[in-house]
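Just below is one structure, and these are the notes that go with it.
The values are calculated or read from the model by the stated rules, or taken from the named source; none is laboratory data. Everything numeric in this text was worked out from a predicted model, so none of it was measured. Quick reminder, even Gly has a Cβ in these numbers, built from the backbone with ideal geometry, and neighbours come from all protein chains shown.
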Ligand SMILES: Cc1cc2nc3c(=O)[nH]c(=O)nc-3n(C[C@H](O)[C@H](O)[C@H](O)COP(=O)(O)O)c2cc1C
């Protein structure tokens, strides 16, 4: 849904505090309601739709210090932010073009111009870098990314609370050698994403998942019969969602010890980076258009088309348009293990 930018969000009138407030809760219900309104009212705004005014130096400092309040195992502070000044956008544009040519040496002049243009979006721009070294015995790499994600979330919330809009964006350029050189990244440092901050010209909110989509009861291994999915002869509707696609979220439809079915929802331009699953899978495009890419091939899927991938095959999925995909996964079972 497209709405005019509403400015600073008001507390959600529908939110009610629980009657019993635990001792560790914030000091008053008003603070809790404000925190809830801040979190649920935040939304990302594409850098294309972020204009001046951006935050002042003092406001930016406030946001960055909010990032510094995030959880941090062993206080490693496994991330840093690089500020890209307004006067450095030309230099950033040059880096984007070099990064494009590193990946695609024959990129057209149009493609190069598009890459340049991205450097000038949003009045305020930060680069978020993950620090993965030196290694620490009790803090694996995954925890460093979690700490960084929490820090960025704090920053986004602080920006939203101050009436600004923001968005995290990444892209292939960040993973190129020339990008790492241009930003002076050392071994063990990874450019993860940009943080664009400004004033929104337009807001596109997406619906939020409800709690039951986000949490499942623990199923101790071997106790798989009670999974909260469809049971034999339960009818599962996988018809195109049409207008409902816009607000839909990914759901798991069915899970047995041998089989899992999920309906994945992707917005145009989004998808899943390269990964693999143990069992064979099929990817069936229910609506929209998506590409499936393995290290050796790529194919385009439109509504009604499906592909199969062998177990363990690395693959990435990218939605060309908004799309819903029915993914069927053959799970790793005793019988598949014993097959030759
Ligand atoms: C590390 C990171 C990088 C992202 N990069 C992109 C990106 O390059 N392009 C994009 O459209 N969304 C990207 N996203 C997603 C958006 O930032 C945003 O979270 C998403 O559009 C959902 O919007 P919402 O924050 O309003 O729920 C990224 C998110 C994260 C966490």
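Of the strands (runs of 3 or more DSSP E) lying entirely inside the range 242-316, those carrying at least 2 residues that are more than 23 Å from the chain's Cα centre (by Cα) and farther than 24 Å from residue 214 by Cβ are 298-302, 306-309.
Checked against (1) within 14 Å of the ligand (Cβ to nearest atom); (2) assigned to a strand (DSSP E or B); (3) over 25 Å from residue 250 (Cα atoms), residue 199 passes all but a single condition, namely (1). Of the candidates 247, 234, 322, the single residue that is in contact with a helix residue (DSSP H, G or I) (Cβ under 6 Å, 6 or more places away or on another chain) and at pLDDT below 95 is 322. Of 214, 259, which residue is within 16 Å of the ligand (Cβ to nearest atom) and modelled with pLDDT under 90? Answer to the check: 214.
Among the residues of the range 141-159, none qualifies, meaning not one is outside any helix (DSSP H, G or I), within 30 Å of residue 38 (Cα to Cα) and away from the ligand (no atom under 12 Å from the Cβ). If you go through the range 150-157 one residue at a time, do you hit one that is closer than 16 Å to residue 183 by Cβ and either assigned by TED's automatic domain parsing to the domain that holds residue 178 or crowded, with 16+ Cβ neighbours inside 10 Å (or both)? Within the range 150-157 (the criterion being closer than 16 Å to residue 183 by Cβ and either assigned by TED's automatic domain parsing to the domain that holds residue 178 or crowded, with 16+ Cβ neighbours inside 10 Å (or both)), the answer is no, since none of the residues qualifies.
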